[in-house]
């Protein structure tokens, strides 16, 4: 049976979090003289001289309506990377506990584990980029605290089989983190609506991809109120700045525009996949549920370097497990895609 108390680090159980006067105050105040702010304002705007809402209540209320869950199930991080790091710091004892990743996958799961001195165990995906459930099961032990699952997966672009994710959730008593950074570009259903069924589930999403707000660094984690409560206890007091909160709220007023952009990117992705498949140097274009394509190409490193000479930067994934001779290519604007295709044709003919 899953129990959050069995997962929590002892020092986190005993932790007294930082508390500001505004954490302790409820109601309407007219004068704030508690936080040593500059009461005369700032060069930018009269609003930014004050510290932001440490729990982003207004922003979470709007997100909750978009996602169809209550705000108590939402954590906002300085990018999804903060959410990843916090889960390690809350639940993994350095030098003792371990986590499982499924390469090829997002690299920050392993980087953050190394920073936090947590052992990383690897259950590579199968040749068709799906979970190897038997390998996963064999790797897990009493000290396995987190299994990281990226779906749609980066860098492969495919969605993991939903039934396989459900199997892991039902048979593992630690945290299962489903990273849905690219979910808006996929046909599969988000796991956000499954939180009540799986107390060990954490779902991560982001404003960086479909919402087009990568520069703001705003990540989302959705989980039980108990897990969110622990993350709030450990996070820095003002981890999301006011400018980010304001701009995210403005973006959330434009859901229709975002949906239009998603449809356009998906259409360009599918069209680009067809064009790539006709270029002689391209050996395979992998199916994608994301805003990028994984493309197997002859002499991928040379192709990567050739593109650089044309001022085009893609991601060389040739040295990543199961991605031999592969480039990961983001879907650009129509003009950028045209320049890329022309350059790849030139490379094929060179």
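The values are calculated or read from the model by the stated rules, or taken from the named source; none is laboratory data. Predicted model, so just to flag it, every value in this text is computed and none were measured. Note: ideal-geometry Cβ built from the backbone for every residue, glycine included; neighbour counts use all protein chains shown.
Can you give me the number of residues within segment 153-174 that are surrounded by fewer than 19 Cβ atoms within 10 Å (Cβ to Cβ) and assigned to a helix (DSSP H, G or I)?
Total meeting the criteria: 7.
Before we move on, is residue 267 touching a residue at least 12 places away in the same chain (Cβ under 8 Å) and either under 23 Å from residue 333 (Cβ atoms) or in contact with a strand residue (DSSP E or B) (Cβ under 9 Å, 6 or more places away or on another chain) (or both)?
So residue 267 does not fit the description; no.
What about residue 89, is it surrounded by 17 or more Cβ atoms within 10 Å (Cβ to Cβ) and over 21 Å from residue 219 (Cβ atoms)?
no
So is residue 43 out of contact with any strand residue (DSSP E or B) (no Cβ under 8 Å at 6 or more places or on another chain) and farther than 30 Å from residue 319 by Cβ or not?
Judged against the criteria, residue 43 is a match.
Where in segment 43-149 are there helices (runs of 4 or more DSSP H), lying fully within it, with 1 or more residues that are under 26 Å from residue 229 (Cβ atoms)?
Output list reads 57-67, 80-91, 108-115.
So which residues in segment 2-32 are in a helix (DSSP H, G or I), in contact (Cβ under 8 Å) with a residue 24 or more places away in the chain and over 15 Å from residue 231 (Cα atoms)?
Listed by number, the residues that qualify are 6, 22, 23.
Go through segment 25-64 and give me each residue that's surrounded by fewer than 12 Cβ atoms within 10 Å (Cβ to Cβ) and under 32 Å from the mean Cα position of the chain (by Cα).
44, 45, 57
Assess whether residue 81 counts as being under 27 Å from residue 184 (Cβ atoms), assigned by TED's automatic domain parsing to the domain that holds residue 192, surrounded by fewer than 20 Cβ atoms within 10 Å (Cβ to Cβ) and touching a strand residue (DSSP E or B) at 6+ places or on another chain (Cβ under 8 Å).
Considered against the rule, which asks whether it is under 27 Å from residue 184 (Cβ atoms), assigned by TED's automatic domain parsing to the domain that holds residue 192, surrounded by fewer than 20 Cβ atoms within 10 Å (Cβ to Cβ) and touching a strand residue (DSSP E or B) at 6+ places or on another chain (Cβ under 8 Å), residue 81 comes out as yes.
Need the failing condition index for residue 184 against (1) in contact with a helix residue (DSSP H, G or I) (Cβ under 7 Å, 6 or more places away or on another chain); (2) surrounded by fewer than 17 Cβ atoms within 10 Å (Cβ to Cβ), just the number.
Against the list (1) in contact with a helix residue (DSSP H, G or I) (Cβ under 7 Å, 6 or more places away or on another chain); (2) surrounded by fewer than 17 Cβ atoms within 10 Å (Cβ to Cβ), residue 184 comes up short only on (2).
Could you tell me whether segment 303-311 includes any residue that is surrounded by 21 or more Cβ atoms within 10 Å (Cβ to Cβ) and part of a helix (DSSP H, G or I)?
So far as segment 303-311 goes, yes, one or more of its residues are surrounded by 21 or more Cβ atoms within 10 Å (Cβ to Cβ) and part of a helix (DSSP H, G or I).
Scan segment 277-287 and give yes if some residue there is surrounded by fewer than 20 Cβ atoms within 10 Å (Cβ to Cβ), in a helix (DSSP H, G or I) and free of Cβ contacts under 8 Å to residues at least 40 places away in the same chain, otherwise no.
Scanning segment 277-287, I find at least one residue that is surrounded by fewer than 20 Cβ atoms within 10 Å (Cβ to Cβ), in a helix (DSSP H, G or I) and free of Cβ contacts under 8 Å to residues at least 40 places away in the same chain, so the answer is yes.
Which residues, counting only those in segment 102-121, are surrounded by fewer than 16 Cβ atoms within 10 Å (Cβ to Cβ) and out of contact with any helix residue (DSSP H, G or I) (no Cβ under 8 Å at 6 or more places or on another chain)?
107, 111, 114, 117
Looking at this structure, is residue 256 assigned to a helix (DSSP H, G or I) and within 23 Å of residue 92 (Cα to Cα)?
no
Tell me which of these residue 177 doesn't satisfy, since it passes every other one: (1) free of Cβ contacts under 8 Å to residues at least 12 places away in the same chain; (2) under 16 Å from the mean Cα position of the chain (by Cα).
It is condition (1) that residue 177 fails.
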